[in-house]
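The block underneath contains the structure these notes are about, expressed in structure tokens.
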Amino acid sequence: MSTDSPPQASRIARYGLIIAAAALVFALLGSRDDTVALPQEVAQVVAEHPASIVLVTHHVAYRALREHPSFATRPVALLSSWPPSSLVVSYDEAPQRFEDADMKSVITQDDWVVWEPATLTTLPLFDLASVETIDAKNHVAPCPRDDAGFARCGEPDWMRPGLRDVEVDGTHTTCTWAHPLPDKRLRVSYPQVRPRDDKGRTLTLLTGLRDSSVGTGAPVEVSARLGDDVLNHTHRDSRGWQALPLPSANQDLPLTLEISSPNPGRRHFCYRFEYR
């Protein structure tokens with residue numbers, strides 16, 4: 001015979017119903033298309049492609065690649081800029097915007113399409129970079145990525161480095177937003193970059209301030225380490241892009257940028273790369 005009093009037994013019954021309902025909700029959520037498997041033919045095409053990173057347009061595709069054994073160590077990231085600069089795996093998405101960007105369908109199966117850009121970029125890709133902050137005591141803290149690919153170095157939006165559209169010298173350009181942080185250095189590390197392209201041009205760092213933020217007088221300091229070489233660059237408080245040619249080399253090398261400012265207020269700073 002139960003020793004529970006009627007009110008206690010009633011509470012236990014209610015708790016049991018709540019737990020059962022929660023289990024049903026989680027079971028229904030778990031049965032959504034989040035667990036769609038990557039078709040083997042699609043996986044083979046992607047695995048054999050030389051792209052340095054695979055971009056995906058949907059969390060379903062991201063999970064499918066991450067759970068596939070062929071991509072345990074392959075860099076995979078959510079698409080965060082347009083047009084894409086690397087191979088793209090799309091799931092259940094209209095093809096028009098890819099076709100408008102002159103991308104070619106490599107394989108189509110069911111709701112999956114693998115898209116290839118006309119040219120694979122050899123420029124450093126932010127999707128491959130790690131982002132950290134360094135405080136005055138040299139304590140290093142990683143900045144985890146959010147679902148849109150931005151690095152969360154703080155709660156305000158301006159403390160999240162990533163690809164954005166920024167107006168520099170009267171023209172809107174996609175660049176890597178890297179606003180200096182109060183009392184910290186921002187460090188962005190690219191695992192391997194190509195210092196020279198196939199035409200012999202040198203990788204060049206271009207830095208800029210959003211036009212509307214120019215005028216406070218404070219510079220932005222950038223330290224660029226390419227392999228064993230370190231260059232220091234001061235971005236002056238003025239409109240337009242300012243260039244820092246990086247050391248030339250015949251092999252791929254790691255690149256690290258450290259960004260700071262003595263007065264980071266309204267230093268709406270971003271950077272991009274070109275071969276020149």
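Things worth noting here:
- Screening segment 231-255 for residues that are in contact with a Ser or Thr (Cβ under 8 Å, 6 or more places away or on another chain) and of a type in the set (S, T, N, Q) and picking the one that is nearest to Asp211 (Cα to Cα) gives Gln242.
- Filter pass, Glu258 being surrounded by fewer than 18 Cβ atoms within 10 Å (Cβ to Cβ) and either assigned to a strand (DSSP E or B) or at pLDDT 95 or above (or both): no
- Segment 102-125, residues that are in a loop (DSSP other than H, G, I, E, B), more than 20 Å from Phe273 (Cβ to Cβ) and open to solvent by less than 30 Å² (accessible area, probe 1.4 Å): Met103
- A single member of Ala72, Ala141 is surrounded by fewer than 18 Cβ atoms within 10 Å (Cβ to Cβ), of a type in the set (Gly, Ala, Ser) and at pLDDT below 90, and it is Ala72.
- In segment 82-91, the residues that are under 16 Å from the mean Cα position of the chain (by Cα), open to solvent by less than 30 Å² (accessible area, probe 1.4 Å) and not β-branched (Val, Ile, Thr): Pro84, Ser86, Leu87
So that you can scan it fast, the table gives a plain yes or no per residue for (1) touching a residue at least 24 places away in the same chain (Cβ under 8 Å); (2) part of a loop (DSSP other than H, G, I, E, B):
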{"site": "Ile134", "(1), (2)": "yes, no"}
{"site": "Lys137", "(1), (2)": "no, yes"}
{"site": "Ala141", "(1), (2)": "no, no"}
{"site": "Ala148", "(1), (2)": "yes, yes"}
{"site": "His172", "(1), (2)": "no, no"}
{"site": "Gly200", "(1), (2)": "no, yes"}
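- Residue, nearest to the chain's Cα centre (by Cα), within segment 92-101, restricted to residues that are part of a loop (DSSP other than H, G, I, E, B) and without any contact (Cβ under 8 Å) to a residue 24 or more places away in the chain: Ala101
- Odd one out for Arg63 among (1) touching an Asp or Glu at 6+ places or on another chain (Cβ under 9 Å); (2) part of a loop (DSSP other than H, G, I, E, B); (3) of a type outside the set (A, V, I, L, M): (2)
- Residues that are in a strand (DSSP E or B), open to solvent by less than 40 Å² (accessible area, probe 1.4 Å), free of Cβ contacts under 8 Å to residues at least 40 places away in the same chain and closer than 20 Å to Val131 by Cα, drawn from segment 219-255: Ser223, Ala224, Leu226, His233
- Filtering segment 164-184 to residues that are open to solvent by less than 60 Å² (accessible area, probe 1.4 Å) and in contact with a helix residue (DSSP H, G or I) (Cβ under 6 Å, 6 or more places away or on another chain) leaves Thr176, His179.
The values are calculated or read from the model by the stated rules, or taken from the named source; none is laboratory data. Owing to the predicted nature of the structure, the values given are computational and were not obtained by experimental measurement. Positions of Cβ are generated from backbone atoms using ideal geometry, with glycine treated the same way; all protein chains shown enter the neighbour counts. The area values use the complete protein model at the heavy-atom level, side chains included, leaving out ligands, DNA and RNA. Shrake-Rupley method; radii C 1.70, N 1.55, O 1.52, S 1.80 Å.
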